[in-house]
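*Asks:* Submitted below is the structure of interest, expressed as structure tokens.
The values are calculated or read from the model by the stated rules, or taken from the named source; none is laboratory data. Computed from a prediction, not measured in an experiment: that's the story for all the values here. Ideal geometry is used to build each Cβ from the backbone, glycine not excepted, and the neighbour counts take in all protein chains shown. Areas reflect the complete protein model, heavy atoms only, side chains present, ligands, DNA and RNA absent. Shrake-Rupley method; radii C 1.70, N 1.55, O 1.52, S 1.80 Å.
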Amino acid sequence: MKKSNLIFTSALVTLLLSACASTPETTGGEKHSNHEKSAPKAIISVQKSPEELFLESIEGITVKKVSSPKEITLGRAFAAPFVFSVSNADGTPAENFKLTVELPTTKTEGTIAFEKSEYITDAEGLVSISVAEKPAFTANVKVKAYPTPVSEDAELAKSLEAYTATADWKVKSDIASKGAVLFVWDFNEKDRPVNNSYNIQAEFRGRGITMVGNGPVNETSYIGKPKTLYKDTYDIIGGNAYGYLIYGTIKFEQPVTALEDGSGYYCILKAEIEAVNMKNGNKIYSSVISYESKGKNWNECVSKGKDKLSQLVVDDIIYGL
């Protein structure tokens, strides 16, 4: 009996040892590692802004000017519409596409304001804008057409420049039919008035605008006194003989200087010009225009400068008066 007991005890010990050996010992570090392997990874989602989504939606879109009216004289209406087209990336017409068009609406003290309007392209991808009313002011600006943006974001507006088409809006002054009297004085390098500007008058006449000449008031004492100049001019010729009184100065911004390389001379000329309506004396035009000139000698430098400056001045008057 005693022998049997010893054998049973020995077998029991062996069984217990075997059970302990079959259970793996797990450390805390190993538990952490297993947890990491089983945890799901985080997925980061980046949302695009409405502006970014909009730009993606118009990729490949092309906006073009098809046609636009010829320039007109103040008091007349445009004879044809402004026509723009929109096409898809594959060249097919973009039907029912929203297009914003900017047209000039008002002019205040020489500054032109634009109004934005939305149009929808037809089956041929076209938008046609007819201007029924006669423009009430002179202008030489651009009409713009571009995809209607989703916001007024400045960066978006800049990006839309690549999708913008333009057309000329040109309304020139009626100075050719109404005429003008001039009081524009040339100054010398010492800033003293010397004579009425021949160049301005010659430039007008060279363009076929012949009803422009020096006014009846011709004294230097009127320089810088526009109200007195207008009153005395009106007293002599009235308010109906000519449409406008144009006055101002052409000066040297600095004395004519010799170029350092000895190739000639350099000067800067500046024109300060204003104009009033002869009927009522209201100021309707004001500009400051400068031009840098070079020539092989003093005379060529100054002569070229005055000729070119006169062209710029007359251009600005015709579309700005």
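*Asks:* Cβ-Cβ under 7 Å, sequence separation 6+ or interchain: first residue in segment 245-263 and of a type in the set (S, T, N, Q), partner open to solvent by 70 Å² or more (accessible area, probe 1.4 Å). Which pairs?
*Replies:* Between residues of segment 245-263 that are of a type in the set (S, T, N, Q) and residues that are open to solvent by 70 Å² or more (accessible area, probe 1.4 Å), the close pairs are Thr249/Glu272; Thr257/Tyr265.
*Asks:* Taking helices (runs of 4 or more DSSP H) that do not extend beyond segment 153-258, which have at least 2 residues that are under 30 Å from Ser128 (Cβ atoms)?
*Replies:* By residue number, 154-159.
*Asks:* Scan segment 221-242 and report the pairs whose first residue is among the acidic types (Asp, Glu) and whose second residue is part of a loop (DSSP other than H, G, I, E, B), with Cβ atoms within less than 8 Å and a gap of 6+ or a chain change.
*Replies:* Sorted first by the residue in segment 221-242, then by its partner, the pairs are Asp232/Val217.
*Asks:* All but one of (1) without any contact (Cβ under 8 Å) to a residue 60 or more places away in the chain; (2) within 17 Å of Asp316 (Cα to Cα); (3) in contact with a Phe, Trp or Tyr (Cβ under 7 Å, 6 or more places away or on another chain) hold for Lys283; state the number of the condition that does not hold.
*Replies:* (3)
*Asks:* Look at segment 94-142 and say how many of its residues are touching a Gly at 6+ places or on another chain (Cβ under 7 Å) and among the charged types (D, E, K, R).
*Replies:* Total satisfying the criteria: 2.
*Asks:* Right, here's the next one. Counting only residues that are under 21 Å from Leu321 (Cα atoms) and among the β-branched types (Val, Ile, Thr), which one in segment 229-245 is most open to solvent (accessible area, probe 1.4 Å)?
*Replies:* In this case the residue turns out to be Ile237.
*Asks:* In addition: For residues that are in contact with a Gly (Cβ under 7 Å, 6 or more places away or on another chain), of a type outside the set (Gly, Ala, Ser) and assigned to a loop (DSSP other than H, G, I, E, B), tally how many sit in segment 42-90.
*Replies:* 1
*Asks:* Please state which one of Gly248, Gly215 is open to solvent by less than 20 Å² (accessible area, probe 1.4 Å) and at pLDDT 95 or above.
*Replies:* None of the other options fit; the residue is Gly248.
*Asks:* Kindly provide the set of residues from segment 148-187 that are open to solvent by less than 40 Å² (accessible area, probe 1.4 Å), farther than 15 Å from Glu59 by Cα, hydrophobic (A, V, I, L, M, F, W, C) and within 23 Å of the chain's Cα centre (by Cα), ordered by number.
*Replies:* Ala165, Ala167, Trp169, Val171
*Asks:* A follow-up question, please. Condition check: over 22 Å from Asn195 (Cα atoms), assigned by the TED database to the domain that holds Asn214, of a type in the set (Val, Ile, Thr) and assigned to a strand (DSSP E or B). Does Ile284 satisfy that?
*Replies:* Yes, satisfied.
*Asks:* Taking only pairs six or more apart or across chains, which ones have beta-carbon atoms under 7 Å, a first residue in segment 64-85 that is hydroxyl-bearing (Ser, Thr, Tyr), and a second residue that is open to solvent by 40 Å² or more (accessible area, probe 1.4 Å)?
*Replies:* Ser67/Ala80; Ser68/Asp168; Thr73/Lys172; Ser85/Lys64; Ser85/Val66; Ser85/Leu126
*Asks:* Something else now. Under the condition of being surrounded by 16 or more Cβ atoms within 10 Å (Cβ to Cβ) and polar (S, T, N, Q), which residue from segment 103-147 is modelled with the highest pLDDT?
*Replies:* Step by step, filter segment 103-147, then rank; the result is Thr121.
*Asks:* Within segment 110-152, how many residues turn out to be aliphatic (A, V, I, L, M) and outside any loop (DSSP other than H, G, I, E, B)? Lay out the reasoning, then the answer.
*Replies:* Of the residues in segment 110-152, the ones aliphatic (A, V, I, L, M) are 112-113, 120, 123, 126-127, 129, 131-132, 136, 139, 141, 143, 145, 150.
Next, only the ones that are outside any loop (DSSP other than H, G, I, E, B) stay: 112-113, 120, 126-127, 129, 139, 141, 143, 145.
Of the residues in that region, 10 qualify.
*Asks:* Okay, moving on. Somewhere in segment 194-212, is a residue free of Cβ contacts under 8 Å to residues at least 12 places away in the same chain, open to solvent by 50 Å² or more (accessible area, probe 1.4 Å) and touching a strand residue (DSSP E or B) at 6+ places or on another chain (Cβ under 6 Å)?
*Replies:* Yes: one or more hits.
*Asks:* Going by the structure shown, is Phe137 under 13 Å from the mean Cα position of the chain (by Cα) and among the aromatic types (Phe, Trp, Tyr)?
*Replies:* No: the conditions fail for Phe137.
*Asks:* Another question, then. Which members of segment 269-291 meet the condition of being surrounded by fewer than 20 Cβ atoms within 10 Å (Cβ to Cβ), at pLDDT 95 or above and hydrophobic (A, V, I, L, M, F, W, C)?
*Replies:* Hits for segment 269-291 are Val288, Ile289.
*Asks:* Looking at segment 292-321, which of its residues are open to solvent by less than 10 Å² (accessible area, probe 1.4 Å), over 18 Å from Asn188 (Cβ atoms) and either in contact with an Asp or Glu (Cβ under 7 Å, 6 or more places away or on another chain) or not in a helix (DSSP H, G or I) (or both)?
*Replies:* Result: Val314, single match.
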